[in-house]
Structures are given as C-alpha cells and as structure tokens.
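Step one of this worksheet: look at the structure below.
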Amino acid sequence: AETRLLETLGAKRHEELAIQYKGMNALDVAATIYRILQPRTHTLAQCQHIMRSALLDQFRNNATIEMPGALACVRLLASKTKTALASGSPLEAIELATKRLGMHSHFNVILSSESVKRGKPHPDVFLEAAKRLGVQPKDCLVFEDSLIGVEAALAANMHCFAVPSGNHAAIQKKATRVFPSLDAITWKDIESPAH
C-alpha cells in the first residue's frame with residue numbers, strides 16, 4: 001500500500017520516511033507521506049484513499065501469514081483473561097485476517113484506530129479497548145511490534161510487551177519488556193509484566 005501511494009506520487013520508499021509512520025493506521029500513514037512529500041498532483045484525501053484501498057486490496061488478495069506464535073499466544077490469553085485487538089488496520093482487514101487465522105472468536109473486543117479520534121502514537125485506540133473490556137488501563141498489557149505502538153501503549157498507562165519488527169534499539173528503551181518472538185512469552189511473564 002505504501003509502495004502504491006509512493007509510486008503514484010513519483011517517490012520511492014526510504015527508511016527515514018518509513019520510520020516516522022510504522023505502526024500508524026493507513027489514513028495517518030498517507031497523511032504523514034503527504035505532509036513530508038507535499039505533492040502538487042494529489043490532495044490529502046486522494047492520498048488517503050489510494051493508501052487505504054491498496055492496503056485492503058493486499059489483505060483481500062494475499063495469504064494471511066501468522067506471526068510466529070501468534071495463535072498460541074492469543075489462545076493462551078483468551079483462556080485466562082479478557083482480550084482485545086486494537087489495531088491500526090482498517091476493521092475490514094482486521095476481521096479478514098483474524099478469521100483466516102482462526103483467532104477471531106478469541107477476542108472480546110476488536111477495534112480499529114480508524115474508529116477513534118486519533119491513531120497511534122496517541123493512546124485513543126488502547127483506551128477505548130480497555131473501556132469496552134471494562135478494565136482499567138493500568139491493568140492492561142499490550143503486545144506491540146512498532147515503536148509508535150509502544151508509545152501509544154505507554155501513553156495509555158499500560159504495560160507493553162514488544163516483539164520488534166524494526167527500530168529495535170528505541171523499542172528496547174521504551175517497552176516494558178522485549179521478546180524475540182511471541183513463542184518466547186509465557187503465562188508467568190504475563191502475570192508479572194514488569195519483571
């Protein structure tokens with residue numbers, strides 16, 4: 001989706017640009033690209049439409065690949081506590097992916113950051129998920145892969161376990177704990193997230 005938008009604008013992907021929006025929802029990614037590139041050929045709304053449409057096309061037309069240990073981790077959590085999925089992806093994409101992976105029914109709440117006022121790194125999506133679960137933010141544990149997601153969890157006053165997909169050093173400094181994969185997380189870790 002990012003590549004399609006950048007190609008439309010006559011630009012190429014580079015890490016300095018991507019690091020600014022990894023973890024944001026599609027609309028915020030497009031807005032960040034628009035703000036940085038300041039294209040004269042497309043409006044912000046057009047950029048957001050291109051980005052979101054391309055992302056949904058990718059979800060619809062490609063296989064959904066499980067992050068190692070994701071289904072086992074979700075099953076473990078759902079067997080012992082309330083669970084929410086609070087993602088930056090469009091709700092349609094979240095629903096499609098969780099159903100394909102057989103984990104949809106394990107979540108009490110499924111929420112896109114497109115449904116709240118501000119996306120990550122703001123805490124809105126995590127706070128809304130906690131509210132819908134009936135849980136205080138301080139009693140929540142977030143699982144994240146991006147720096148922006150970790151920042152959103154911390155801004156929500158939540159513990160955050162990270163399995164970084166990039167920007168490892170910055171995530172290591174901010175997350176409550178960092179793991180090499182979801183397979184490495186045990187129930188003992190979850191019961192005592194700060195240790």
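Looking across region 181-195, just one residue is under 20 Å from Ser146 (Cβ atoms), out of contact with any Cys (no Cβ under 9 Å at 6 or more places or on another chain) and part of a loop (DSSP other than H, G, I, E, B), and that is Ser181.
Beta carbons closer than 6 Å, at least 6 apart along the sequence or on distinct chains, never pair a first residue in region 159-171 that is in contact (Cβ under 8 Å) with a residue 40 or more places away in the chain and of a type outside the set (Val, Ile, Thr) with a second that is open to solvent by 60 Å² or more (accessible area, probe 1.4 Å) and assigned to a helix (DSSP H, G or I). Close contacts from region 20-49, counting a first residue that is open to solvent by 60 Å² or more (accessible area, probe 1.4 Å) and a second that is among the basic types (Lys, Arg), with Cβ to Cβ under 8 Å and a gap of 6+ residues or different chains, come to none at all. Looking across Val150, Val109, Val135, one residue alone is within 12 Å of the chain's Cα centre (by Cα), aliphatic (A, V, I, L, M) and modelled with pLDDT of 95 or more. It is Val150.
Criterion first (at pLDDT 95 or above and either open to solvent by 20 Å² or more (accessible area, probe 1.4 Å) or of a type in the set (Ser, Thr, Tyr) (or both)) does His168 satisfy it? In short, no. With respect to the conditions (1) part of a helix (DSSP H, G or I); (2) open to solvent by 60 Å² or more (accessible area, probe 1.4 Å), Pro68 lacks only one, and its number is (1). Of all residue pairs spaced 6 or more apart or on separate chains, those with beta-carbon atoms under 7 Å, a first member in region 176-189 that is of a type in the set (Ser, Thr, Tyr) and a second member that is outside any helix (DSSP H, G or I) are Thr176/His159; Thr176/Cys160; Thr176/Phe161; Thr176/Pro193; Thr176/Ala194; Ser181/Pro68; Ser181/Gly69; Ser181/Val163. In region 74-132, the qualifying residues are those that are among the basic types (Lys, Arg) and part of a loop (DSSP other than H, G, I, E, B), and the one that is surrounded by the fewest Cβ atoms within 10 Å (Cβ to Cβ) is Lys117.
The values are calculated or read from the model by the stated rules, or taken from the named source; none is laboratory data. Note that the structure is predicted; figures quoted are calculated from it, not measured. Here the Cβ is made from the backbone with ideal geometry for all residues, glycine too, and neighbour counts use every protein chain on show. Surface accessibility is based on the protein's heavy atoms, side chains included, excluding ligands, DNA and RNA. Shrake-Rupley method; radii C 1.70, N 1.55, O 1.52, S 1.80 Å.
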